[in-house]
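Notes to accompany the following structure.
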Amino acid sequence: MGLAECPLALTLGDPAGIGPDITLLAWLEREHEKIPPFVLLGDPGVLAMRAEALGLRVPIATVADPVIGEERFAEELPVLPGHTEYLASLAATDRLAPHPVMMLASGALKVVPVTIHIPLKEVPLALTKELILATIETTARDLGRFFGIARPRLAVSGLNPHAGEEGSLGHEEIDIIQPAVEAARRKDLDVAGPHPADTMFHSPARASYDAAICMYHDQALVPFKTLAFEQGVNVTLGLPFVRTSPDHGTAFAIAGTGKASPRSLIEALLEGVTVVEVGPGPGGLTRALLLEGASRVVAIERDQRCLPALSDIAALYPGRLDVVAADAREVDYAGLALRPPARIVANLPYSVATPLLVSWLKTTPWLPWFDKLVLMFQREVAERIVARSGGKDYGRLAVLSQWRTEPRILLTLPGAAFTPKPQVDSALVEFVPKAMPEPPCNVDQLERVTAVAFGQRRKMLRSSLRQLTPDSEKLLVSLAIEPTARAEELPVADFCRIANALAEKRS
């Protein structure tokens, strides 16, 4: 049996909790939610009684009698803190001692607590440089292995209020956390911190990292469950296999009442990235995306010659590859019914890369349906995208990209890396959408302003903006913007302010 055909194994959890409830409810939603096949390891009698209590019509049958393991559980399970550690012990070999790391993941946030289910007073004693460094390393490695993030950005919290205020509120940051962060940097990991925990979770801060490393349970889970209470998934990193679970506990008080939501379990069964690949050609990258764990790939290809090869790949990965024969510029992406987290990956001809980027950045309403764009551009175009105000490369593309996303160049590639060899170098650019672009403005109006401002770069703003309003100088003065400035001197926020002022003037 191939990997793509293997069912997921689902363990029931505590039979007195809501595990049976949400398992039954998830099974009933399997077709609507397109849940992959799964098998349950549990007592069929417990399920039958819970189905009757909830009034659910679910056929229950024992596929194979499990080996009675009462003696083994009495010997092994009680000496371990929980399910995660039990799985780690089963995966251990003479050469491998897994270090399991709990990560709570959703489209809005990924968090990792360094210490988990211990009393708060024991946290400072449990924290060590070695434990924090091991947690950082495991998180960075598995974000690449399971989530396709080539170089994860990690933000590490402090333990004390205000990250210790240089020792006045505690020394753990100086003595333990900062040395662990520095050690991780020496291993070429992209790590920042320690940061005050109370400023790490607002929208602009979350856009600056891929996962937050926190020092204790509630420091990580309070912001996470505030943002994604029912959509969150517990992903165990550090194991040699994929393991996910709902992000909640047993909830004994509502077991059997019909009040339990199966949403988190469904998300756990579906966990994985949906990738929209634009211009896959014969499918070289498509194969890699599927091999590296994308739960679903939607390949958009207009060249009819490539479709047979893509169909062959789809046959090897049943249910995981959908081929859309169309021009990417004409596709209704909202109509693709993409399940989050979804992201766009594209190695496009340079002639269409920029128009497609602009169309995705103008998605309405915002937040968009994608959680990330990873696109290949000609290197000089990539440098214009990330350019800052005051430089010669700064222009319309930089303003729109940096207003709505956090763009960064992941890597550059020489022409020799491609066949046939182009005459220019290339660069891979990642765009992470901002939840709330600041300041708010109308994207079409912003595009009009940048078009006239950068369309005549040598002109002063008071001259170029006359195409939009005859009293451009007065408008600029009212915004405290120097009328004699040129477009490349203005930060992104000033273009938004101009767009808003023009919109208000017209209304």
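The figures follow:
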{"read-out": "Percentage relative contact order, the stretch 172-238, counting C-alpha pairs under 8 Å, at least six apart", "value": "17 percent"}
{"read-out": "Sequence ranges 150-158, 471-479, 459-467, ranked by mean other-Cβ count within 10 angstrom, highest first", "value": "150-158, 459-467, 471-479"}
{"read-out": "Set K121/K434; K225/K392; K392/K474; K362/K392; K225/K362; K372/K421 screened for pairs whose C-alpha atoms are more than 32 Å apart", "value": "K121/K434; K225/K392"}
{"read-out": "Over the stretch 292-362 - Rg/Rh using Cα atoms and the Kirkwood inverse-distance radius", "value": "0.95"}
{"read-out": "All-pairs alpha carbon distance profile, the stretch 302-442, 10 Å steps from 0, percent", "value": "10, 36, 36, 16, 3, 0"}
{"read-out": "Taking the stretch 369-507 and dividing mean pair separation by its residue count, relative contact order in percent (alpha carbons under 8 Å, at least six apart)", "value": "27 percent"}
{"read-out": "Pairs of alpha carbons in the stretch 431-489 whose separation is greater than 19 Å (percent)", "value": "34 percent"}
{"read-out": "Per-bin percent of Cα-Cα distances, the stretch 86-196 [10 Å]", "value": "13, 42, 35, 10, 1"}
{"read-out": "Accessible area expressed per residue, the stretch 132-214, with surrounding protein chains retained (probe 1.4 Å, Å²)", "value": "41 Å²"}
{"read-out": "Percent breakdown of C-alpha pair distances by 10 Å bin, ordered from the shortest bin, for the chain", "value": "3, 16, 24, 24, 19, 10, 4, 1, 0"}
{"read-out": "In Hz, Karplus ³J(HN,Hα) per residue of the stretch 11-17 (6.51, -1.76, 1.60; θ = phi - 60°; x = Gly, Pro)", "value": "8, 6, x, 5, x, 8, x"}
{"read-out": "Calculated diffusion of the stretch 459-507, Stokes-Einstein form, Kirkwood radius summed over Cα pairs, 25 °C and 0.890 mPa s, µm²/s", "value": "231 µm²/s"}
{"read-out": "Antiparallel DSSP beta bridges within the chain, percent to nearest 5", "value": "45 percent"}
{"read-out": "Whole-Hz ³J(HN,Hα) from phi, Karplus 6.51 cos²θ - 1.76 cosθ + 1.60, for the stretch 161-173, glycine and proline x", "value": "x, 6, 6, x, 6, 6, x, 6, 10, x, 10, 4, 4"}
{"read-out": "The chain, relative contact order [Cα under 8 Å, separation at least 6], %", "value": "11 percent"}
{"read-out": "FRET efficiency, 1/(1 + (r/R0)^6) with R0 25 Å, evaluated for K259 and V46 via beta carbons", "value": "0.85"}
{"read-out": "Share of carbon and sulfur in the accessible heavy-atom surface of the chain [1.4 Å probe, %]", "value": "56 percent"}
{"read-out": "Inter-centroid distance (Cα atoms) of the stretch 303-361 relative to the stretch 474-507, Å", "value": "38 Å"}
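The values are calculated or read from the model by the stated rules, or taken from the named source; none is laboratory data. Worth saying up front: this structure is predicted, and the values here are computed from it rather than measured. Virtual Cβ from ideal backbone geometry, glycine too; neighbours counted across all protein chains shown. Just the protein is used for accessible areas: all its heavy atoms, side chains included, with ligands, DNA and RNA removed. Shrake-Rupley method; radii C 1.70, N 1.55, O 1.52, S 1.80 Å.
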